[in-house]
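Quick one: the structure is below, questions incoming.
The values are calculated or read from the model by the stated rules, or taken from the named source; none is laboratory data. Treat the numbers as computed from the prediction; the structure is a model and nothing was measured. In this analysis, Cβ positions are derived from the backbone assuming ideal geometry, glycine residues included, and neighbour counts consider all displayed protein chains. The accessibility values were calculated without ligands, DNA or RNA, using every heavy atom of the protein model including side chains. Shrake-Rupley method; radii C 1.70, N 1.55, O 1.52, S 1.80 Å.
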Amino acid sequence: MQKFDFSILTRDGQKVESVIIAGNDVAEAERKLRQMYRYCEIVNCDAKSAGDGKPQQVMSVEDILSLISK
């Protein structure tokens, strides 16, 4: 599954930068975007592969609980 980085204009004219949505293709990601932002205008869309950006750190429940208890 790829991630797509959208820049949009809402129906009120507000510019929203970097709305990242996961999808199998651009059409699926755009459909998900339009469910959240109805009647928006897509200004830009960039596809990001799984390795782009910062590496995501995965934490277990035990790690989170140990941070909270400190």
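If amide hydrogens are placed 1.01 Å from N in the peptide plane, which non-local residues have theirs closer than 5 Å to the one on Lys48?
Amide H to amide H, under 5 Å and 5 or more residues apart or across chains, Lys48 pairs with Lys3, Phe4, Asp5.
Among all the aspartates and glutamates, which ones have a C-alpha under 17 Å from Lys15's C-alpha, if same-chain residues fewer than 8 places away are not counted?
Result set, ordered by chain and number: Asp5, Glu30, Glu41, Asp46.
If you don't mind, another one. Please go through the stretch 1-48 and write out the chymotrypsin sites (Phe, Trp or Tyr not before Pro) that DSSP classes as loop and that have at most 12 other C-beta atoms within 10 Å.
Passing both the DSSP loop test and the Cβ count: Tyr39.
Which value in nm describes the separation of the simple spin-label points at Ala27 and Lys48, placed 7 Å from the Cα toward the beta carbon?
Modelled inter-label distance: 2.5 nm.
Quote to one decimal, in nm, the extra length available between Arg34 and Leu9 on full extension: 0.36 nm per residue of separation minus the C-alpha distance between them.
Residue separation times 0.36 nm, minus the Cα-Cα distance, leaves 7.8 nm.
Over the stretch 1-46, average the accessible area per residue using a 1.4 Å probe and give it in Å², no decimals.
Heavy-atom accessible area per residue stands at 69 Å².
While we're looking at this one, here's another question. Kindly sort Leu9, Leu67 by accessible area of their heavy atoms, largest first, with the probe set to 1.4 Å.
So the residues, ranked largest to smallest area, are Leu67, Leu9.
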